[in-house]
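Scroll down for the structure; my scribbles are underneath it.
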Amino acid sequence: MTFRQLALFNILRNKRIYAAHFMSSAFSVMIFFIYALLLFHPQLQGELEATSKTIAMLGSMGMKISQYLIVVFSFLFQLYSVSAFLKTRKKEFGILMIHGMSPRQQNRLIYIENMVIGGASIIAGSAVGLLFSKLILLAGAAALVIDRGLPFYFPLKAIGTTSGVFMALFLLISLFTSRIVRVEQLVELLKSEEKPKPEPKASALLSLLAVVLIGAGYAMVFFFAVERYFSFRLLFSGVACTVAGTYFLFTQLSVHVIRVFRNNKLVLLHRTNLITISEMMYRMKDNATMFFMIAVISAVAITGIGSCVSLANPGLSEMMNPYAFTYVSQQGNAMEKQHLAEIEKRLNQAPFAYRMGSFTPKRTTDGMIAMKLSDYNRLAAALGHPAETLDDHEQALLVPSTLPQKRAIVKNENLPSAITLLQEERNVQLPIQKSIPYIVTPEGEAGWIAVVSDSMYDRIPDRDGGTAGKRTYYAFAVKNWEQTKELAQALADSIPDGGKGAGYRLETPLVLQWIASRQTNGILLMISVLLGIVFFTFAASFLYFRLYTDLERDRKQYRMIAKVGLSRTELKTIVSRQLTVMFFIPLLMALIHSTVALTALQQLVDFSIAAEALTIFAVFIVVQTAYFFITRLRYLGHLVRKLA
């Protein structure tokens, strides 16, 4: 047998353990290849359709940064997994050293094994990525709202980049890992699996600190979002406290809680709880760092995907600008009637159901914007809101024009109690009769809107040299505005921007604003989904790897317990409980962290994202549950087979 054959047979003999390492490595290669496939696509080299060069540039930067992240995390994950696996093979290395293997040959053996797995991962990952490249391009076109789609091309550059980067990565890992297993005393190597583990210890103070840190982290994040105290230090401190608290939760609090159960004789001596609780204490302590990493990585993946899916909701765009089209006309604009007729004509031809309203703003003495009650009611009717009335000619309604003003009305905070108007060369204050908690004006005029009676409005003089009151906004509310892309592009061609002195302008249609937002979020969504898949795969691989490295030890332990009467049914119950804790406790913590993060995001955007968040949670739970049952079936099969 040659030295290379020995390395190959070592991989085949330990194929169950190496499977997680190979699959996760191949998956990393595939995701990197997908990024490269999109990054080097000929139609994604310039400006994206219906958006800006800035978004295209940010998208390209995001793809490159994501590739760097994949390489960095792949390196750290594989270095961790391979080094942990090599430590479980100390007895094997001791036997090989008895048969004359030198330290140099040992390093060479480890180097060859890693390079074989790395090379196979590169081939498998690139091949799978290439096989699904057309599907990936279709999904990418849908995410980036590219109607013409992304045609297939043979990605030579993507294949070359992926192969080169990961070949260098696996070479670096091989050089690192070949130095991990140092030469020790042969007796130490041969008896490494027989050393008894010390009893896990946990500090009550650090256990309490875990709860305090997580609570403080959540409080900081909510204070950042609810109070809108936009401080990077505050947000960073909140995240840091949560991460540190999660670490102490798994390393200290989990062991402390299990110890409490163990000290309760009624619980401990009930059926197989003696074995389950005792074994779980050791597993929690041994795997605390792994559980911590899984919880944090999964929380990042879930939060990132949930945020991007939520921000792509069209309701967010509609909140800030509720009108599909807005035409602004200065007094004296000779093209006004023609342009309005053109807009209505095309809406009728499409056909789209629509309602139109208009208003001409005037500035009040205290800097607010005054509008007629009749104009307000037409705009409100166009949006489906009820009409308003003024009980007194000398009162006004307060209407927001921005989301912060809308939130202020909802919270009833810092609201003006009156407006000041210039009437017959003297200032008159009108008390606010009612505050309206929704936006009815089109974009363009920022500031509080004061709705006054028509007669009061007519007596307000134009300010700023008589120009502010001569601009009229014509707003068109369209029921299915998400389908008006072609109409918006046609109107942009038929009503061109005439420049500053033209006396009119067609504001960017809502559908084009939404598409630009979707493309931005589409880029972020692709990045977050692909990175989330990689992180979640790494997390799953950690669990798989840990289970199968402990398989031989578990076989010996349960074989001894079986001799004193442990049945197969009881064995399956014990193992199932342990696997349930290992698989779902980290996921539960990730879901709790993600719930806090997405709830804070909902406070920031002032829009319900519960449906999107619950969908993402359900997907992760279903995937983890399926993975749990598959792993449980295989693990029990290997375990029970050797107990016969």
- [ ] Throw me the Rg/Rh for segment 325-508, computed over C-alpha atoms with Kirkwood Rh, two decimals.
- [x] 0.99
- [ ] Note down the net charge around ALA418, summing +1 for each Lys or Arg and -1 for each Asp or Glu among other residues with Cβ under 11 Å from its Cβ.
- [x] -2
Open item on the list: Using a 10 Å cut-off around each Cβ, can you sort VAL478, VAL165, VAL212, VAL257 from fewest to most neighbouring Cβ atoms?
Closed with: VAL212, VAL257, VAL165, VAL478
TODO: Run through all the Cα pairs of segment 96-137 and give the fraction in each 5 Å bin from 0, expressed as whole percent.
DONE: 6, 20, 15, 13, 11, 10, 8, 7, 5, 4, 2
Open item on the list: As an exercise, identify the trypsin sites (Lys or Arg not before Pro) in segment 469-499 lying in DSSP coil whose Cβ has no more than 16 other Cβ atoms within 10 Å.
Closed with: LYS479
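Return HIS393, HIS385 ranked ascending by Cβ neighbour count within 10 Å, so the fewest neighbours appear first.
On the way: HIS393 11, HIS385 16.
Listing HIS393, HIS385 from fewest to most nearby Cβ atoms yields HIS393, HIS385.
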Task: Ranking of TYR474, TYR323 by count of other Cβ atoms within 10 Å, fewest first - done: TYR474, TYR323
Task: Burial order of peptide ranges 238-245, 289-296 (average beta-carbon count within 10 Å, highest first) - done: 289-296, 238-245
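A short reminder: the numbers here are calculations on the coordinates, not readings from a lab. The structure displayed is predicted, hence computed values, not measured ones. Here the Cβ is made from the backbone with ideal geometry for all residues, glycine too, and neighbour counts use every protein chain on show.
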